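Just so you know, all these numbers are worked out from the coordinates, no wet-lab data involved. None of the values given here were measured: they were computed from a predicted structure. Reconstructed Cβ throughout: ideal geometry from the backbone, glycine too, with neighbour counts over all protein chains shown.
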Amino acid sequence: MSPVSDQIAAYLKNRQPPALLLWGRHDPYFELEETRSWLEDLPGLEAHIPDGPHLLLQTHSDLCANLMSRFVQQHGA
């Protein structure tokens, strides 16, 4: 890990900010296992992994917009 990555991981572990993860199950650029690493640092992470590609906001815009809107309403902005 780089020093910046270490700082980000430490911040997440110590502060536990509200976080929403939208991840396309068929993303060819990032492994699904990476999601698990986020869950290690943020056990309260709200994660959604729809059956979609890397550009999930384009292919599943209604779903993503609804999830993001609900998240912001619950956690403030």
At 222 nm, what helix-only mean residue ellipticity would the chain give, in deg cm²/dmol to the nearest 500, using -39500 (n - 2.57) for each DSSP H run of four or more?
-16000 deg cm²/dmol
Could you pull out every residue, at least 5 positions away or on a different chain, whose amide H is within less than 5 Å of the one on ALA47? Hs are placed 1.01 Å off N in the peptide plane, and Pro or chain starts have none.
LEU21
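Taking the mean number of other Cβ atoms within 10 Å as a proxy for protection, how do you rank 61-71, 16-26 from highest to lowest?
Result, highest mean first: 16-26, 61-71.
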Residue span GLU33 to ARG70: 0.36 nm per residue of separation minus Cα-Cα distance leaves a gain in nm of 10.8 nm
Computed over the chain, Cα set: Rg, Dmax in Å
13.5, 37
Once you place label points 7 Å from the Cα toward the Cβ at LEU55 and ARG15, how far apart are they in nm?
3.2
